[in-house]
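Here the structure is laid out as structure tokens; the discussion comes afterwards.
The values are calculated or read from the model by the stated rules, or taken from the named source; none is laboratory data. These numbers come from a predicted model, not from an experiment. Because the Cβ atoms are built from the backbone with ideal geometry, glycine has one as well, and the counts that use them run over all protein chains shown.
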Amino acid sequence: MPDSRPGTRFPGYDVLSKRQGPSWNEKTREVIAKRLATASEPRFFTADEFLTVVAAASRIVPQPPTRRPVPIAALVDRKLHLMQSDGYRLPGTPRDGEAWRLGLKALDLETRVAFGVPFHILKEADQDFLLARMQSGELRDPAWTDMASDVFFRMRLARDIVLAYYSHPTAWSEIGWGGPASPRGYVRIDYDERDPWEAAEVKGGNVVAARRKNNRVR
Amino acid sequence: MRQYRQSEPVDFVIVGTGAGGGTLACRLAEHGFSVVAMDAGPYFRPLEDFASDESEQTKLYWTDDRIVDGANPLQMGGNNSGKAVGGSTVHFAMVSLRFRPEWFKSRSLLGYGADWPLDWREMWRYYSEVEDALKIAGPITYPWGPHRPRYPYRAHELNAAARALADGCEALGIQWTETPIATLSAPRGLAHPCVYRGFCTSGCSTNAKQSALVTWIPRAIAAGAEIRDLAMVGRIEADNSNLATGVHYHRDGQWRFQRARNVVVAGYAIETPRLLLNSATDRFPAGLANSSGLVGKNLMVQSNQAVWGTMEREVRSYKGPPSLAITEHWNYEDKGKDFFGGYCYMSQGPLPQLWANTLLSARGLWGPHLISEMENYNHVVGLKIVGEMLPQEANRVTLADETDQYGLRIPRITYSWCDNDRRLIDHSLAFMTEALEAVDATDIWRQNDDTCHLNGTARMGNDPLTSVVNADCRSWDIRNLWICDGSVFPTVGGVNPSLTIQAIACRTADRIKTMARRGEL
């Protein structure tokens, strides 16, 4: 059975070790370099809003303290700043950026009513409690106006956070995905087949063997 | 590339360059007509412009503002619309299937939906033409339906996800085959075979994918057509003699007008009715080509539900085109069904962002549950249907009061499943669950919410009272206004629509050539 602790299944695997190799074309290098250079200050969110997004992101996608965290909130912020939209919304739900502002304002109000403090300084369990109530549509303060809280959770808050996290090479390495693959692509595609430039999973508890293979990934 | 003046009418201005418009532009130009084909999106060069990255490649999607409502609001954007030269074929999954012959007469022969004004035998010939143009890679013999010629290129090998589908079918005693697919299995010209990088639905950066962008459009240009990109058409001009005179389009920051002797709308089943409705005049207050009142109605997506599980062995379904194996058993078998219509199902290969969002939106996972489930990514296996949904007039595209960046009223897309849709979905989910159990997948769960493709909203038919265009895609009301995309489908069938859209476009071009020769244009 694989080790169940997060981040231990593909020891030593780093998708970025292929960055200068034949699996990354120039356009990909350019795009990922830009993403990795995302500054941590918000451009779309206000400072207060940003604190809430950071706190929510750390509950939706908790990250281990043993490595540099993916700047999820900043990635979400940049997408909104560039007005990169999903392009569809339910009636009563404003466009992406406005929906975020409305939802954060409503969440803040609900938090202060229930706990008397802003969301970002709540205990993690209380943050999870509020997010779970949002997910099930049980947050119904008038501040939500016509936007249902569960719609905001599923189509904006959690969606944008999850997509931001899994747009980052750190997350790709964590799940053992091959990552960018143009022009080299793959050759071995059947069950249990692995190209030498793919992540090796720990098999039969042999961490050393997996780490050795992962260190050779280029 | 040849360029045409706006002030001199071209024979055809085509709005949209996807499976319908791109194909038609090519064939009309090859027949000697002067053609300008416009697309609201950019003309990408995949080798330089495409990254191996899900986020970056959202630039291929139509993400202009749209309202979705009804009991089952649609998810738009990546899954079903494109904004680029080549349209959504630039990011389609390349699955290239023929309709079951009976579907062209589903009302008469099968008792549901509406009959098409097309004969399946004629369509069979056009399917062959398109399959050859795209060098479809497929099996030597296809297990279902009447004889078809062997596919031009050999089938691709199976990845582990496809093998799981095949093993499941064999365990349950039904047939399966390699999916006929529009990516090269051998070299073609300057393009090399597919390298199995697995980013098909984010755009192919090696040009192995035979999209409209790399097949029909270069042929169109070689034959003298102009492709005008970044040109958003906002209104078709119609004069008092019931003729279209050209299109108003927004390019380089201003509105312009292209004169044309014929206008073809090929914007797919949301933008096509939107443009016709937005082109309303005093003479045509309900929008152009809309004397039947059917423009925008009978929108049909296809059910796209899935069953997912976890395998003990590594699957790594991110390698290769996502759907390398297929069964059309439930498209051709009518016994044992409590619903009209059919479905196929295919193997799957979701990339990480798509997969994480599926776990979030369809399974409700977040926090540590999401993180640990994502670590099983390389072991995930899935089967997903493309299922027939029935035409309903209440499923429709109308205009909302809000406007977009061009000042045009945005579409409101209303969609609700009917009982038949639900029964089909339930049948498929139960069957695919058995298929995954048969290959010893564990932790099996059902994704209930997805849909794909856009059809209907300007159906073809034999009667001006009950259809928008005739069999030649020519509108009943305005004789030089044509519609050539998935909008013309009276029913949607249980297969991906792109091959049928392209076959109709090839047929339409031939019909136009014939009519022109007879002086009937």
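For A:Gly204, state whether it is more than 7 Å from every other protein chain (Cβ to nearest Cβ), in a loop (DSSP other than H, G, I, E, B), touching a residue at least 40 places away in the same chain (Cβ under 8 Å) and of a type outside the set (Lys, Arg). Before you say what the answer is, go through the steps one by one.
Working: more than 7 Å from every other protein chain (Cβ to nearest Cβ): yes; in a loop (DSSP other than H, G, I, E, B): yes; touching a residue at least 40 places away in the same chain (Cβ under 8 Å): no; of a type outside the set (Lys, Arg): yes.
Against the criterion (more than 7 Å from every other protein chain (Cβ to nearest Cβ), in a loop (DSSP other than H, G, I, E, B), touching a residue at least 40 places away in the same chain (Cβ under 8 Å) and of a type outside the set (Lys, Arg)), A:Gly204 does not qualify.
Criterion first (in a strand (DSSP E or B), in contact with a Ser or Thr (Cβ under 6 Å, 6 or more places away or on another chain) and in contact (Cβ under 8 Å) with a residue 12 or more places away in the chain) does B:Ala51 satisfy it? So B:Ala51 fails the test.
Quickly run through the stretch A:65-120 and pick out the residues that are surrounded by fewer than 16 Cβ atoms within 10 Å (Cβ to Cβ), over 23 Å from B:Pro73 (Cβ atoms) and of a type in the set (Gly, Ala, Ser). A:Ala114, A:Gly116, listed by residue number. Regarding B:Thr141, is this residue more than 18 Å from B:Gly387 (Cα to Cα), surrounded by 18 or more Cβ atoms within 10 Å (Cβ to Cβ), more than 9 Å from chain A (Cβ to nearest Cβ) and not acidic (Asp, Glu)? No.
Test B:Pro101 against the stated conditions and say whether it is under 27 Å from B:Arg313 (Cα atoms), more than 14 Å from chain A (Cβ to nearest Cβ) and either in contact with a helix residue (DSSP H, G or I) (Cβ under 6 Å, 6 or more places away or on another chain) or modelled with pLDDT of 95 or more (or both). Taking the combined requirement at face value, the residue does not satisfy it.
In the list A:Asn206, A:Asn214, which residue meets the criterion of being over 26 Å from B:Leu359 (Cα atoms) and crowded, with 20+ Cβ neighbours inside 10 Å?
Values: A:Asn206 fails: crowded, with 20+ Cβ neighbours inside 10 Å.
None of the others qualify; the one that does is A:Asn214.
With respect to (1) surrounded by fewer than 24 Cβ atoms within 10 Å (Cβ to Cβ); (2) under 30 Å from B:Arg5 (Cβ atoms), the lone exception for B:Met38 is condition (1). Taken together, B:Gly78, B:Gly18 contain a single residue that is touching a strand residue (DSSP E or B) at 6+ places or on another chain (Cβ under 7 Å), under 30 Å from A:Leu163 (Cβ atoms) and away from chain A (no Cβ under 14 Å), which is B:Gly18.
I'd like to know if the stretch B:158-178 contains one or more residues that are surrounded by 22 or more Cβ atoms within 10 Å (Cβ to Cβ), closer than 24 Å to B:His91 by Cβ, away from chain A (no Cβ under 14 Å) and in contact with a Pro (Cβ under 9 Å, 6 or more places away or on another chain). No - not one qualifying residue is present in the stretch B:158-178. Scanning for something away from chain A (no Cβ under 14 Å) and crowded, with 19+ Cβ neighbours inside 10 Å, does the stretch B:44-62 turn up at least one residue? The answer is no, given that none of the residues of the stretch B:44-62 is away from chain A (no Cβ under 14 Å) and crowded, with 19+ Cβ neighbours inside 10 Å. Say whether the condition of being away from every other protein chain (no Cβ under 11 Å) and under 30 Å from B:Pro73 (Cα atoms) is met by at least one residue in the stretch A:180-197. No, because not a single residue in the stretch A:180-197 is away from every other protein chain (no Cβ under 11 Å) and under 30 Å from B:Pro73 (Cα atoms).
Filtering the stretch A:164-179 for residues that are of a type outside the set (Asp, Glu), touching a helix residue (DSSP H, G or I) at 6+ places or on another chain (Cβ under 7 Å) and more than 28 Å from B:Asn159 (Cα to Cα) leaves a non-empty set. Of all the listed residues (B:Ala186, B:Ala220, B:Ala212), the sole one being within 22 Å of the chain's Cα centre (by Cα), away from every other protein chain (no Cβ under 12 Å) and either closer than 30 Å to B:Leu399 by Cα or not in a helix (DSSP H, G or I) (or both) is B:Ala212. Annotation note: of B:Leu390, B:Leu383, B:Leu324, the sole residue that is surrounded by fewer than 24 Cβ atoms within 10 Å (Cβ to Cβ) and aliphatic (A, V, I, L, M) is B:Leu390. Given the condition touching a residue at least 40 places away in the same chain (Cβ under 8 Å), in contact with a helix residue (DSSP H, G or I) (Cβ under 6 Å, 6 or more places away or on another chain) and small (Gly, Ala, Ser), answer yes or no: does some residue in the stretch B:381-401 qualify? Yes; the residues of the stretch B:381-401 include at least one that is touching a residue at least 40 places away in the same chain (Cβ under 8 Å), in contact with a helix residue (DSSP H, G or I) (Cβ under 6 Å, 6 or more places away or on another chain) and small (Gly, Ala, Ser). Condition check for B:Ile67 on (1) away from chain A (no Cβ under 14 Å); (2) surrounded by 20 or more Cβ atoms within 10 Å (Cβ to Cβ); (3) among the β-branched types (Val, Ile, Thr): one failure, at (1). Looking at B:Asp463, is it assigned to a loop (DSSP other than H, G, I, E, B) and among the acidic types (Asp, Glu)? For B:Asp463, the condition - assigned to a loop (DSSP other than H, G, I, E, B) and among the acidic types (Asp, Glu) - is met. Every condition in (1) in contact with a helix residue (DSSP H, G or I) (Cβ under 7 Å, 6 or more places away or on another chain); (2) surrounded by 23 or more Cβ atoms within 10 Å (Cβ to Cβ); (3) polar (S, T, N, Q) holds for B:Ser475 except the one numbered (1).
Only one residue in A:Pro62, A:Pro11 is in contact (Cβ under 8 Å) with a residue 12 or more places away in the chain, surrounded by fewer than 21 Cβ atoms within 10 Å (Cβ to Cβ), within 14 Å of another protein chain (Cβ to nearest Cβ) and in a loop (DSSP other than H, G, I, E, B), so which one is that?
Numbers: A:Pro62 fails: in contact (Cβ under 8 Å) with a residue 12 or more places away in the chain.
Residue meeting the stated conditions: A:Pro11.
Out of the stretch B:466-514, which residues are in a helix (DSSP H, G or I), of a type in the set (A, V, I, L, M) and in contact (Cβ under 8 Å) with a residue 60 or more places away in the chain? If the condition is that a residue be in a helix (DSSP H, G or I), of a type in the set (A, V, I, L, M) and in contact (Cβ under 8 Å) with a residue 60 or more places away in the chain, then B:Leu499, B:Ile501, B:Ala503, B:Ile504, B:Ala505, B:Ala509, B:Ile512 are the ones that fit.
Among the residues of the stretch A:200-213, is there at least one that is out of contact with any strand residue (DSSP E or B) (no Cβ under 6 Å at 6 or more places or on another chain) and farther than 17 Å from A:Phe10 by Cβ? For the stretch A:200-213, residues out of contact with any strand residue (DSSP E or B) (no Cβ under 6 Å at 6 or more places or on another chain) and farther than 17 Å from A:Phe10 by Cβ: absent.
Residues of the stretch B:1-35 being part of a helix (DSSP H, G or I) and crowded, with 24+ Cβ neighbours inside 10 Å, which ones?
Step one: filter the stretch B:1-35 for residues part of a helix (DSSP H, G or I), giving B:21-30.
Scanning the stretch B:1-35 gives B:Gly21, B:Gly22, B:Thr23, B:Leu24, B:Ala25, B:Cys26, B:Arg27, B:Leu28, B:Ala29.
Can you say whether A:Arg156 is more than 7 Å from every other protein chain (Cβ to nearest Cβ) and outside any loop (DSSP other than H, G, I, E, B), as far as the supplied structure shows? It would help to see each step written out before you state the result.
Details: more than 7 Å from every other protein chain (Cβ to nearest Cβ): yes; outside any loop (DSSP other than H, G, I, E, B): yes.
Here the answer is yes, as A:Arg156 does meet what is asked.
When residues in the stretch A:88-145 are screened for being within 11 Å of chain B (Cβ to nearest Cβ), outside any helix (DSSP H, G or I) and not charged (D, E, K, R), 7 of them pass.
Residues considered: B:Glu333, B:Glu312, B:Glu373. Of these, the only one that is closer than 20 Å to A:Glu174 by Cβ and among the acidic types (Asp, Glu) is B:Glu373.
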